[in-house]
Amino acid sequence: MATPTVEFFTPPNLPVTNNQLLTLSTTDAVPPITEYQETWAARNGYADPKNPTSISQPYEQTTLKVWVCSPDDTRAIVKGYTVENLGHSWPRTTDGGVATFNATPDEIVPFFEAHPFCMYVCMY
């Protein structure tokens, strides 16, 4: 019997240069986030996604990988945060969180303020 799979893909209304599906076994606890980040960078035109443009540690126990996918388009950037011992959870210091920063006010809100989406994109 074949193992069931789940496919993650870019919605059809987003520009994609390399429309690959990321297929995961449903027995995987979470998607392979590093692979997903690299695939997203490749879709945005980054030539060598295994080697990000930069790697830093903006917060304690947190690694940030950045792929600058276009020298001319400041929107073509992929950022991937990895928090040690966090697992698949929302980075926060409140409500029992174990991270050293709060992702919502520190990273998520500024991202959406800089990249507003129309209703059409949000629906897909």
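The values are calculated or read from the model by the stated rules, or taken from the named source; none is laboratory data. Please read these numbers as outputs of a predicted model, since none were measured by experiment. Positions of Cβ are generated from backbone atoms using ideal geometry, with glycine treated the same way; all protein chains shown enter the neighbour counts.
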- Scanning segment 95-124 for residues that are among the hydroxyl-bearing types (S, T, Y) and either modelled with pLDDT under 85 or under 17 Å from S56 (Cα atoms) (or both) gives T100, Y120, Y124
- Task: Might you let me know whether segment 63-76 holds any residue that is of a type outside the set (G, A, S), within 21 Å of P32 (Cβ to Cβ) and loosely packed, with under 13 Cβ neighbours inside 10 Å?
- Result: no
